[in-house]
Amino acid sequence: MGSMISSGVFMLPASLAPFGWNTVGGWIVTIAGALVLAWLLSCLTRQVSDADDMIGFITSAFAKGVGIMAS
């Protein structure tokens, strides 16, 4: 599995090269989305300190039944 993942990582630039600068723009958008998601989760963690995970956030906001359905 490690060789499959590493070959995909090393071959990715070669497979994306025909798309040019659009690839760089896609990476920037993806990085920005990941940073926004990390910021959102940090804000949730500060506000709901008793939640252990994402299901804990859902349970504390709605109800236990909704948290179970989300898992």
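General observations
- Those residues of region 48-68 which are outside any loop (DSSP other than H, G, I, E, B) and surrounded by fewer than 10 Cβ atoms within 10 Å (Cβ to Cβ), in sequence order: 65
- Answer from 23, 45, 59 - the residue that is of a type in the set (Val, Ile, Thr) and touching a Pro at 6+ places or on another chain (Cβ under 9 Å): 23
- Filter result for residue 44 (of a type outside the set (Asp, Glu) and open to solvent by 70 Å² or more (accessible area, probe 1.4 Å)): no
- Test: residue in region 5-26 that is surrounded by 10 or more Cβ atoms within 10 Å (Cβ to Cβ) and within 16 Å of the chain's Cα centre (by Cα): yes
The values are calculated or read from the model by the stated rules, or taken from the named source; none is laboratory data. No experiment lies behind these values; they were computed from the predicted model shown. Here the Cβ is made from the backbone with ideal geometry for all residues, glycine too, and neighbour counts use every protein chain on show. Ligands, DNA and RNA are stripped out before the accessible areas are found, and what is left, the full protein with its side chains, is counted by its heavy atoms. Shrake-Rupley method; radii C 1.70, N 1.55, O 1.52, S 1.80 Å.
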